[in-house]
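The values are calculated or read from the model by the stated rules, or taken from the named source; none is laboratory data. What you are looking at is a predicted structure, and each value in this text was computed from that prediction instead of being measured. Virtual Cβ from ideal backbone geometry, glycine too; neighbours counted across all protein chains shown. The accessibility values were calculated without ligands, DNA or RNA, using every heavy atom of the protein model including side chains. Shrake-Rupley method; radii C 1.70, N 1.55, O 1.52, S 1.80 Å.
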Amino acid sequence: MTRLLTAALIQQRCGNDKKANLDGTCAMIRRAAADGAALVVLQELHAGPYFCQVEDPALFDMAEPLPGPASRAIAELAGELGVVVVASLFERRAPGLYHNTAVVFEKDGSTAGIYRKMHIPDDPGFYEKFYFTPGDLGFNPVKTSVGTLGVLVCWDQWYPEAARLMALAGADLLIYPTAIGWDPADSAAEKERQRDAWITVQRGHAVANGLPLLAVNRVGFEPSPLHPETGIQFWGSSFAAGPQGELLVEASRENEEILLVDVDMERSETVRRIWPFLRDRRIDAYGDLVKRYRD
């Protein structure tokens with residue numbers, strides 16, 4: 001038996017004009033729905049540029065409460081079009097308390113659930129610890145009319161534990177909104193290694209858990225606010241993989257795209273019968289995984 005879910009991955013460029021970014025997002029959601037998408041996934045922090053290239057207290061003004069203007073606009077559009085939308089927003093939870101938050105809107109415009117990014121990076125050009133408090137909602141998938149969605153965010157994509165916990169909680173689909181790119185000063189070989197690692201590790205999560213996976217990245221060059229001659233070249237390459245890690249579709253590295261894919265939501269059952277990884281887990285022997293390091 002086959003149950004196909006048509007999903008749309010929205011790969012965008014973002015500038016400093018928040019209204020223009022949001023208008024562009026909404027226009028692409030409309031096009032995706034017109035093409036038959038029942039699920040639309042947006043990239044990480046889609047309402048603006050990737051501001052974490054620098055540490056600047058003034059940039060906290062970009063955050064919004066939930067609900068806020070951007071989330072209301074997406075919610076209303078989800079309800080109007082009858083689609084499920086996964087959005088990614090800079091959440092102002094309280095004074096001095098902010099999160100990198102994914103919000104899942106049901107097809108009637110209601111909020112099906114939220115996920116607050118758990119793993120927070122702090123690397124040159126990705127100073128997220130300055131802005132984001134680690135999530136406190138755990139790894140819990142969101143139940144929707146199109147399936148149970150294991151939504152994670154960007155840096156989470158490197159951690160097999162996060163994907164596994166979503167799978168163990170009944171996720172039908174792993175979803176990663178991301179914002180990742182190159183330092184233009186890196187060599188061509190290093191750039192390829194980084195991009196290949198990003199794709200490979202996520203395909204590995206699909207394989208290890210027997211689940212389809214959607215990864216949605218931004219695209220385009222965004223200069224550093226303090227040093228415009230430097231910045232990040234986001235590499236696009238949004239993709240969908242099946243439960244054996246097979247690539248179903250892949251976007252370009254340079255262009256804005258609406259990437260449509262039909263995901264067989266029944267195939268995980270077949271794959272897990274022949275590769276029963278969950279059955280054969282030695283849960284009696286994994287206690288040390290809760291340690292930082294096995295000294």
Practice prompt. Tell me, please, whether a residue that is β-branched (Val, Ile, Thr), under 18 Å from the mean Cα position of the chain (by Cα) and under 23 Å from Asn217 (Cβ atoms) can be found in the stretch 1-24.
Written response: yes
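Of Ser237, Ser268, Ser252, which residue is in contact with a Gly (Cβ under 8 Å, 6 or more places away or on another chain), outside any strand (DSSP E or B) and closer than 21 Å to Asp156 by Cβ? I'd like the intermediate steps shown before the answer.
On the way: Ser237 fails: in contact with a Gly (Cβ under 8 Å, 6 or more places away or on another chain); Ser252 fails: closer than 21 Å to Asp156 by Cβ.
Within the list Ser237, Ser268, Ser252, the selection yields Ser268.
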Worksheet item: So, of the residues in the stretch 142-196 that are open to solvent by 20 Å² or more (accessible area, probe 1.4 Å) and part of a strand (DSSP E or B), which turns out to be farthest from Gln244 (Cα to Cα)?
Response: Trp182
Discussion item. Every residue in the stretch 67-94 that is farther than 28 Å from Met265 by Cβ, open to solvent by 20 Å² or more (accessible area, probe 1.4 Å) and not charged (D, E, K, R), please.
Written reply: Pro67, Pro69, Ala73, Ala94
Worksheet item: Taking the stretch 22-62 only, how many residues are open to solvent by less than 10 Å² (accessible area, probe 1.4 Å), under 19 Å from Ala251 (Cβ atoms) and assigned to a helix (DSSP H, G or I)?
Response: 3
